[in-house]
């Protein structure tokens, strides 16, 4: 169902849009403060939709002018090393069971809008994401033969699960002056409603204008 919605969404945007008028940007980085995963986004927005300001205007909002794709990986293995290919689900040594850890991948898409505050540009997005999570059994080997200092994990008997949620965020875009006007840098925040993915991510990105 999500794939069908995405195809319809992209088809609609493609039919309505002259892509030569678009700017493209990318966000990428690590989860903060957990540092247990990475994320990235790719977005496009119509650079020609710039509102006319009058003397009395302070804020102008364009609610929809582009699309964004989101991808992330969350790794909860921490200090435990992967021994799933060696041992499967069988703890043949009777090592201490430290419970479950999870590793997952999230992906989604969002609409992109723009806010101008005294002609300073902010980009915001709002959309959906799904998260596929796999569970593993964490173990400790007191003889420290297996894993990093004895910490390792194997397959668990807990089934994988999947959840869906929302992603949304806001960031400031700075356009370089002069001959560098086609390049953009930005900084902001992204939030989500997914479990095991940090609720707030710091976004820093770069982008450029796509010319004909």
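Modelled label-to-label distance, residue 161 and residue 143, 7 Å Cα→beta-carbon offset: nm?
3.6 nm
At q = 0.14, 0.19, 0.20 Å⁻¹, what base-10 log of I(q)/I(0) does the Debye formula yield for the stretch 22-209 when every alpha carbon is treated as an equal point scatterer in vacuo?
Log10 of I(q)/I(0), two decimals: -0.80, -1.17, -1.25.
Could you tell me the calculated FRET efficiency between residue 126 and residue 100, based on Cβ-Cβ distance and R0 = 45 angstrom, to the nearest 0.05?
Calculated value: 0.90.
Values in this text are rule-based calculations from the coordinates and carry no lab data. Everything quoted here is computed from the prediction, not taken from an experiment. When we count neighbours, we look across all protein chains shown, and the Cβ atoms used for this are built from the backbone with ideal geometry, even at glycine.
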